[in-house]
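Working notes, structure below.
The values are calculated or read from the model by the stated rules, or taken from the named source; none is laboratory data. Worth saying up front: this structure is predicted, and the values here are computed from it rather than measured. Ideal geometry is used to build each Cβ from the backbone, glycine not excepted, and the neighbour counts take in all protein chains shown. To get the accessible areas, we keep the full protein, side chains included, count just its heavy atoms, and leave off ligands, DNA and RNA. Shrake-Rupley method; radii C 1.70, N 1.55, O 1.52, S 1.80 Å.
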Amino acid sequence: MAASRPNQLFRNMAAKIAAIPMIVTALVVFVGGTLWTVAYSFTKSRLLPKWDLVGLDQYERLWGTRRWLVSIENLFIYGVCMLVLSLVIGFILAALLDQKIRYESAFRTILLYPFALSFIVTGLVWQWILNPEFGVQNIVRSLGFESFTFDPLYNAKIAIYGILIAGLWQGSGLIMVLMLAGLRGIDQEIWKASRVDGIPAWKTYVFIIIPMMRPVFVTTLVIIASGIVKVYDLVVAQTSGGPGIATEMPAKYVYDYMFGGQNLGQGFAASTMMLLAVAVVIIPWAMLEFGGRKRGT
Amino acid sequence: MKAIRNAFWASTALCAATAVSATELEVTHWWTSGGEAAAVAEIAKAFDATGHTWVDGAIAGSGNTARPIMISRITGGDPMAATQFNHGRQAEELVEAGLMRDLTDIAKAQGWTEVVNPPSLLDSCTVDGKIYCAPINIHSWQWLWLSDKAYTEAGLEVPTNWDEFVAAAPALVEAGKVPLAMGQQGWQQKGAFDVLMIALLPNDIYLKVNRDKDAEVAAGPEVAKIFEAISIARDLSKDSNVQDWNQATNMVITGQAGGQIMGDWAQGEFAVAGLTAGEDYHCLPGLGSKEILTTGGDAFYFPVLKDEEESAAQAELAALMLEPAVQVAFNLKKGSLPVRGDVDLEAANDCMNKGLKILSGGDSLPDINQLISSDTRTQLEDLLVEFFADTSITPQEAQERFADIIADAD
């Protein structure tokens, strides 16, 4: 057995050669690009990258800018609400669909349809729905409730929730389908057993089914989280950051300063902070998930 | 079936034939509103008449949306044949990096230095003694557009300056109108701010703040007056929920709003709507308080291309843009003023004549884009868009932040 050890590197040669393009891409484009961006965030590059170091100036300016602070706060509100609500809504919808109802596939299609729309379309549709002159407010008022007011996109304090509604509407369908797939993966015998024991359905879900669906939840979490960090087009289409700067997002700050403001250094500093924020969440989770125990028992 | 196939062959052959004799040039710009599109079609028509083909690359949204797309195409190695920028510092670094074509020969042959008026337009195209862009029009920001319909319906006289405009506002509100139409976008609010600064203060304050970046003046008592004025503008425009400038202009056209502070490009919208200057609408250069205009505007830059045929066609296009006939046709539709002092705008309307008179009198200031960098502009727009949306920000607070930005500006 020991003699075969040195050959470890050459085992599965074909597979390893096939993976080389992907490995190179990952190293050069992702890792290389990331390092380059971080390095240039310490320069005062304007429209074009220039190696002209200024230390932490870009970061000082970034954290002294109100728009950036508002962006971070918005991302936090949007992120927490989106994560919790889309999981809850997605799971409840999936559990309801799992009751062996009639026309299940019709409901599933309807609920998944919003996901087929791009964020730009979603943003525009909800911009109209939430517009006080054409949308919900107008309809309710024309029914006779004259004083009804619902204009989240025009009120700076709650505008971010207007974005959240649109995001949930678009994303919940996908989460529901993922959850439904997870529920279908549960052995029917478990349901039979819990029924025999007389356990109520909600208890079965909370204490038996959900713990068994852990892998599905992890996947879903990663999908939702990556969607949250990169939220950009939805805001651009729905409010373009307004009213004022009430719905600005970090990704939009990066874009606006990198290209609109022709200040690459500032944009790089902001995107480095975004990377740092993601790393703070991902690294501890990855260590818990992969680090603690050996692979494959 | 055979007929279809023949038709197909014929059309392919036709395409091939035209491709040999003419060159297609893609031109990018952000002229997408009604008046603007009509104006750009005039240049396209003139260029197509030379046997080449104008491929229109209009990018919707404002310049703030379009410029990043243009810049990333140029820096990314996929340049268009020609692209619009505003005069001034927007393309500064692209020129320094050698990505833009030197137009000095064409300018010499056409005698641009003699005909372009005011000369500052050509100065902003010049880097190290070489000319890099073809100015095409002069735009000025300092206009207050007033709706006769709105004032008549409210039973008022049309105001003749900013103070009267502010005084007339309460009566307009009573008549159910919005006194000041304002799109909720930073560049429009920043524009209005600069207009107020130029119209209500002596010229040297504008230059000290924006050209010399004098933070003490920016924090001083005179600029404080402008922050008072802009907070009045905030109150007057609080019911104006539109985004794009032409939607705001439309409020003035339809009489829903009393007035709008917007550059002379708004005139194109009035013209498309069939309104007559002096009868259906009034315009006050310098807000009626001071006869002065800034001379910003649009210029075309020509990225360096490898293809020789395309480069030759580029040169033709550059020369064509300053030809008197094109200048007249384009600027009449656009509502802007021609860059040549020697063309005759017979068809110019009331408002354009007012502008021409001020320019020929020599009362002009450099445009804001010729003075501050895009970076500073973005910061100031962020400040003003927040100020307009959030009434809890006092003018004093806003001025402090304004002075900080000016102190850091380059």
**Request:** For segment B:180-223 and segment B:72-123, write down the distance between their C-alpha centroids in whole Å.
**Result:** 27 Å
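As a test, work out the antiparallel percent of DSSP beta bridges whose residues both lie in the protein assembly as shown, rounded to the nearest 5. Numbers along the way, then the final one.
Details: 22 of 36 bridges.
Around 60 percent of the beta bridges assigned by DSSP in the protein assembly as shown are antiparallel ones.
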**Prompt:** Taking Cα atoms, how many degrees apart are the long axis of helix B:324-334 and the longest axis of chain B, rounded to 10 and kept between 0 and 90?
**Reply:** 50 degrees
**Prompt:** To the nearest 10 degrees, how steeply does helix B:2-21 sit against the main Cα axis of chain B, on a 0 to 90 scale?
**Reply:** 80 degrees
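Compute for chains A and B the buried accessible surface, both sides summed, probe 1.4 Å, and express it in Å² to the nearest 100.
The summed interface area works out to 2000 Å².
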**Within the accessible area of segment A:154-285 (1.4 Å probe), percent carbon and sulfur** = 72 percent
**Message:** Helix-only estimate, please: 222 nm mean residue ellipticity of chain A, summing -39500 (n - 2.57) across DSSP H runs of length 4 or more and dividing by its residues, to the nearest 500.
**Reply:** -19000 deg cm²/dmol
**Prompt:** Given R₀ = 51 Å, FRET efficiency for residue B:164-residue A:275 by Cβ-Cβ distance, to 0.05?
**Reply:** 0.40
**Request:** Kindly identify segment A:60-291 as rounded, prolate or oblate by the Cα gyration tensor criterion: order the square roots of the eigenvalues as a ≥ b ≥ c, call it rounded if a/c is under 1.5, otherwise compare a/b with b/c, prolate if a/b is larger, else oblate.
**Result:** oblate
**Complete:** By the Cα gyration tensor axes a ≥ b ≥ c (a/c under 1.5 gives rounded; else a/b larger than b/c gives prolate, otherwise oblate), the shape of segment A:21-89 is oblate
**Item:** Projected label distance in nm at residue A:136 and residue A:76, using a 7 Å step from Cα toward the beta-carbon
**Value:** 2.6 nm
**Message:** Is there a quick way to get the dipole size of the protein assembly as shown? I mean about its Cα centre, with the Cβ of Lys and Arg at +1 and of Asp and Glu at -1; what is the value in debye to the nearest 20?
**Reply:** 4340 debye
**Asked** Any idea what % of Cα-Cα pairs in segment A:44-173 are farther than 25 Å?
**Response** 50 percent
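Helix by helix, which DSSP H runs in chain A go 24 Å or more along their axis at the Cα atoms and have an average Kyte-Doolittle hydropathy of -0.5 or more?
A:66-97, A:159-184, A:264-286
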**Heavy-atom accessible area, 1.4 Å probe, ligands and nucleic acids excluded: residues of segment A:251-289 down by at least 20 Å² from chain alone** = A:255, A:257, A:259, A:260, A:261, A:262
**Asked** Quick one: Cα centre-to-centre distance for segment A:226-265 and segment B:297-354, in angstrom?
**Response** 35 Å
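What's the FRET efficiency of residue B:104 with residue B:26 using the Cβ-Cβ distance as r and R₀ = 30 Å, to the nearest 0.05?
Numbers: r = 24 Å, r/R0 = 0.79.
Calculated value: 0.80.
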**Request:** Could you point to the residue in B:187, B:64, B:391 farthest towards the positive end of chain B's charge dipole, with +1 and -1 charges on the Cβ of Lys/Arg and Asp/Glu respectively?
**Result:** B:64
**Request:** Calculate, for residue B:222 and residue B:69, the FRET efficiency according to 1/(1 + (r/R0)^6) with r their C-beta to C-beta distance and R0 41 Å; round to the nearest 0.05.
**Result:** 0.60
**Fill in**
Amide H contacts under 5 Å for residue B:343, restricted to residues at least 5 apart in sequence or on another chain and with H modeled in the peptide plane, are none
**Request:** Compute the Rg to Rh ratio over the protein assembly as shown from the alpha carbon atoms, using the Kirkwood formula for Rh, and round to two decimal places.
**Result:** 1.03
**Asked** Does any residue of segment B:68-96 lose at least 10 Å² of accessible area with all protein chains in place compared with its chain alone, and if so which ones (probe 1.4 Å)?
**Response** B:68, B:71, B:72, B:75, B:90, B:93, B:94
**Request:** Determine the share of segment A:1-119's accessible area contributed by carbon and sulfur atoms, expressed in whole percent, with a 1.4 angstrom probe.
**Result:** 73 percent
**Asked** When the helix-only estimate is applied to chain B (DSSP H runs of n ≥ 4, each -39,500 (n - 2.57), divided by the residue count), what is the mean residue ellipticity at 222 nm, nearest 500 deg cm²/dmol?
**Response** -16000 deg cm²/dmol
**Length released on extending from residue A:116 to residue A:218, taking residue separation times 0.36 nm less the Cα-Cα span** = 34.4 nm
**Request:** Normalising by the residue count of chain A, find the relative contact order in percent from Cα pairs under 8 Å and 6+ residues apart.
**Result:** 29 percent
**Fill in**
Between residue B:277 and residues 5 or more places away or on another chain, the pairs with built amide H atoms under 5 Å apart involve B:350
**Item:** Distance between modelled label sites at residue A:197 and residue A:155, nm, 7 Å Cα→Cβ extension
**Value:** 4.7 nm
**Message:** Under the rule of at least 5 residues apart or a separate chain, name every residue whose amide H is placed under 5 Å from the amide H of residue B:87.
**Reply:** B:297, B:298, B:299
**Request:** Report, ordered by chain and residue number, the lysines lying within cross-link reach of residue A:44, taken as a straight Cα distance under 30 Å and ignoring same-chain residues fewer than 8 apart.
**Result:** A:230, A:252, B:130, B:190, B:208, B:213
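With every protein chain left in place, what is the accessible area per residue of chain B in square angstrom, probe 1.4 Å?
Roughly 40 Å² per residue, with all protein chains present.
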**Prompt:** Quick one: if you stick a label point 7 Å off each Cα along the C-beta vector at residue B:50 and residue B:291, how many nm between them?
**Reply:** 3.8 nm
